[in-house]
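Notes follow once the structure below has been shown.
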Amino acid sequence: MLYVGYSKRYSIWNDHSWNYVYVDGEWKMLDVTWNNTTGSSRRYFLVDSINTRTHDISVHDFRDMIEMAQELAIRIHTVHPAPERLVLSADPIADIDNANVTVGNKLSWNAVSGVSRFDIFRSGQGGAFTRIATGVTSTTYVDLDIVADTEYRYVVTPAGVTHDNAAASNIATVKTGPGSFPNLPDRNGNMGRANGFILMQIDNPLMNVNGEIVEVDLGRGTAPMLHNGRTMLPIRSVLDVLGGDAQWHGAEQRAVLMANGNTVEMWIGRMDYLVNGIAHEMDVAPFIENERTFLPLRFAAFSLNCRATWINATREILIVYNSGAG
């Protein structure tokens with residue numbers, strides 16, 4: 001803590017003024033009135049102890065007022081660093097095929113020392129803030145429970161803190177597009193709104209699953225990559241999230257994916273593939289690298305009744321799906 005005060009009668013000269021400064025656990029004197037011995041200029045300095053009654057002992061060094069102000073500013077900043085503040089941004093993520101349709105609102109904020117989990121609050125159309133997610137461990141979240149042509153406001157807080165607490169972030173505002181996002185089938189074929197997300201990034205071996213950070217390829221460090229303009233990755237991690245399964249038939253170089261009631265068959269080096277036995281074409285072929293089979297994410301996701309969209313600014317891929325819950 002830094003305190004500043006002054007005393008006019010402390011010096012042996014009754015008309016001399018001292019400023020007391022409490023720095024680093026000790027009171028020191030700041031002389032702002034003394035002229036040097038030649039009387040030609042004014043100097044300012046700190047004295048080591050309040051017991052010092054003369055100018056010529058225990059003096060740190062002479063310095064002009066600008067240097068003194070800089071030193072005190074540095075000391076104040078060191079003793080009292082500015083508290084970390086949550087800074088939140090919100091962006092609508094458009095559907096890859098229709099820019100008027102918002103898939104979800106992506107929220108991003110900074111990490112804060114000592115905070116490992118966050119809560120998210122939302123207000124729609126000027127209503128009251130309500131908590132929509134709790135215990136989020138990442139610093140990114142996608143709100144899928146949205147409707148078209150609506151303005152939303154968001155606040156992020158450390159877990160367990162209310163939206164109006166001093167530790168809360170700023171309010172971030174975003175408006176969804178005029179188009180409505182279509183319902184998706186769950187694993188039982190029931191249609192409903194997308195309520196789960198997977199957020200991946202090119203060259204990043206970690207992915208965000210509904211606010212939790214997990215590895216794309218457990219223990220292998222494999223990351224999504226761009227190949228001929230398409231996002232490729234081992235699809236197993238996505239299937240695990242969807243509750244699906246994959247089979248590899250090495251003799252045929254064929255991968256079989258099963259999730260959300262669909263069966264997808266793809267071959268290494270071939271652009272034709274089957275969805276429930278019906279032939280389709282894609283514009284990039286699967287390949288094998290580092291003993292991993294890389295499949296085109298978008299074609300695989302769409303074939304498994306998910307939706308995938310590209311976020312160009314951050315080189316991310318957002319996959320949304322209907323988990324059947326809720």
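The values are calculated or read from the model by the stated rules, or taken from the named source; none is laboratory data. Keep in mind that this is a model prediction, so the values were computed, not measured. All Cβ positions, even for glycine, are placed from backbone atoms using ideal geometry, and neighbour counts span all protein chains on display.
Selection of the range 278-297 for residues being touching a residue at least 24 places away in the same chain (Cβ under 8 Å) and part of a loop (DSSP other than H, G, I, E, B) yields ASP283, VAL284, PRO286, ASN290.
For the range 187-198, the criterion of a residue being within 21 Å of ASP245 (Cβ to Cβ), of a type in the set (Val, Ile, Thr) and surrounded by fewer than 21 Cβ atoms within 10 Å (Cβ to Cβ) is satisfied by no position. Does GLY211 satisfy being small (Gly, Ala, Ser), over 20 Å from ALA300 (Cβ atoms) and within 18 Å of the chain's Cα centre (by Cα)? Spelling it out, GLY211 is indeed small (Gly, Ala, Ser), over 20 Å from ALA300 (Cβ atoms) and within 18 Å of the chain's Cα centre (by Cα).
Residue check: VAL256 meets all listed conditions (1) more than 33 Å from the chain's Cα centre (by Cα); (2) at pLDDT below 90 but one, namely (2).
Going by what's in this entry, would THR134 be described as part of a strand (DSSP E or B), out of contact with any helix residue (DSSP H, G or I) (no Cβ under 8 Å at 6 or more places or on another chain) and either assigned by TED's automatic domain parsing to the domain that holds ILE93 or surrounded by 14 or more Cβ atoms within 10 Å (Cβ to Cβ) (or both)?
yes
Take the residues of the range 268-277 that are of a type outside the set (A, V, I, L, M, F, W, C) and in a strand (DSSP E or B): which is nearest to PRO234 (Cα to Cα)?
Of the range 268-277, the ones of a type outside the set (A, V, I, L, M, F, W, C) are 269-270, 272-273, 276-277.
With the extra rule that they be in a strand (DSSP E or B), the set shrinks to 272-273.
Values: ASP272: 18, TYR273: 17 Å.
My answer is TYR273.
Scanning the range 137-155 for residues that are of a type in the set (Asp, Glu), part of a loop (DSSP other than H, G, I, E, B) and in contact with a Gly (Cβ under 8 Å, 6 or more places away or on another chain) yields a single hit, ASP149.
Within the range 281-295, the set of residues being in contact with a Lys or Arg (Cβ under 9 Å, 6 or more places away or on another chain) and modelled with pLDDT of 90 or more comprises MET282, ASP283, VAL284, ALA285, PRO286. Residues in the range 167-179 that are touching a strand residue (DSSP E or B) at 6+ places or on another chain (Cβ under 7 Å) and either among the basic types (Lys, Arg) or in a loop (DSSP other than H, G, I, E, B) (or both): 8 in all. So GLU151 ticks every box in (1) at pLDDT 95 or above; (2) surrounded by 14 or more Cβ atoms within 10 Å (Cβ to Cβ) but one. Which box is left unticked? Here GLU151 meets the rest and fails (2).
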